[in-house]
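Written out below as structure tokens is the structure these notes cover.
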Amino acid sequence: MNIFYVDGKFLPADEAVIPVTDLSVLRGFGVFDFLRTYGGKPFHLEDHVKRLERSADLLGIPLPTPCKAVEDLVLETLKRNNYEESNIRIVLTGGISADGFTPDGKPRLLIMVTPLTKMPESWYEKGVKIVTIPYSRFMPGAKSINYVHAIYAMRNARKDGAMEALYVTSDGYATECTTSNIFACMNGKLVTPGNTILPGITRQVVLNMEELSGEIEIRDIKLDTLLDADEVFITSSNKEVVPVVDIDGRIIGKGQPGGETRRAMKLFSEYTLRYAGK
């Protein structure tokens, strides 16, 4: 059985509970971060915990323990589960509220470690379809636990046979997917949005890859421009680098993973192998 960390205690999953009066339950008020391991090592743990802290600051939730202590708790939770590879979810709840609405400043820290979920090979070999949905996230720089809209978007995406849903603003800009960042290859340049998004850790690793050919631009992308891109791919902690070959039924490029996308996939794979010490 999974062992979770809950507010100062390590507990079996079926005993890992919090009060129903916590604002995370009552109002969906809280933040989280998510990462995975490579070779048993949590991927860019420090960066993920710093992002958790930034999310908490934006929502006004005090981190109950220093970042380094959170990192140590993650490592201890990993040790107590001892999986070959793991998914790690760190949650900071809003805490109990006297009036059921106003935060009292006593959040709870939760750390959940589960076995790594392997994604379908077909995603990487053939590419995936995504669909668009009109939406502008509130406070996009904060990784909030409130995923009502994302769950709704993904429900509709799956009905259309899509793997992800891409948010498009009211003025026609493609920003990010429900749990992924997006890249486009256009005229020899690699372009990714930089405003009104939650910048992913995997996205940043890709941006730091000096071996990628061509110029990199961080700028807004109109949906119409994205649909005319030579290649499109998405990135996230659990999905890594995934080619996108179809957006709303519109075939992207040649309808198969392109050369620059395959290059990004290969470079990221090599990076994670080095990270794992292999």
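The values are calculated or read from the model by the stated rules, or taken from the named source; none is laboratory data. Just so we're clear, the structure is a prediction, and the values are computed from it rather than from any experiment. Methodologically, a virtual Cβ is constructed for each residue, glycine included, from the backbone with ideal geometry; neighbour enumeration extends over all protein chains shown. Only protein heavy atoms, including side chains, enter the accessible area calculation; ligands, DNA and RNA are left aside. Shrake-Rupley method; radii C 1.70, N 1.55, O 1.52, S 1.80 Å.
Results, tabulated for the structure shown:
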| read-out | value |
| --- | --- |
| Positions within segment 119-153 being of a type in the set (Lys, Arg) and at pLDDT below 95, in sequence order | Arg137 |
| Among residues of segment 243-278, those that are in contact with a strand residue (DSSP E or B) (Cβ under 7 Å, 6 or more places away or on another chain) and either polar (S, T, N, Q) or assigned to a strand (DSSP E or B) (or both), counted | 9 |
| Test: Gly200 is open to solvent by 40 Å² or more (accessible area, probe 1.4 Å) and either within 30 Å of Gly258 (Cα to Cα) or in contact with a Pro (Cβ under 9 Å, 6 or more places away or on another chain) (or both) | no |
| Whichever residue in segment 107-127 is at negative phi, out of contact with any Phe, Trp or Tyr (no Cβ under 8 Å at 6 or more places or on another chain) and assigned to a loop (DSSP other than H, G, I, E, B) and, among such residues, is most open to solvent (accessible area, probe 1.4 Å) | Lys118 |
| First in segment 64-88 and more than 20 Å from Asp47 (Cβ to Cβ), second anywhere and at pLDDT below 95 and open to solvent by 20 Å² or more (accessible area, probe 1.4 Å), Cβ under 6 Å, 6 or more apart | none |
| Pick from segment 176-198, criterion more than 17 Å from Asp246 (Cβ to Cβ) and of a type in the set (A, V, I, L, M, F, W, C), ranking: farthest from the chain's Cα centre (by Cα) | Met186 |
| Residue in segment 28-51 that is of a type in the set (S, T, N, Q), at pLDDT 95 or above and assigned to a helix (DSSP H, G or I) present | no |
| Scan of segment 203-212 for residues that are open to solvent by 60 Å² or more (accessible area, probe 1.4 Å) and in contact (Cβ under 8 Å) with a residue 40 or more places away in the chain, ordered by number | Gln204, Glu211 |
| Where a residue in segment 21-44 is touching a residue at least 40 places away in the same chain (Cβ under 8 Å) and its partner, wherever it lies, is among the basic types (Lys, Arg) and part of a strand (DSSP E or B), with Cβ under 8 Å and at least six apart | Phe32/Arg89; Asp33/Arg89; Phe34/Arg89; Pro42/Arg36; Phe43/Arg36 |
| Criterion: touching a Leu at 6+ places or on another chain (Cβ under 9 Å), farther than 11 Å from Ile111 by Cα and open to solvent by 50 Å² or more (accessible area, probe 1.4 Å) - qualifying residue of Tyr83, Tyr38 | Tyr83 |
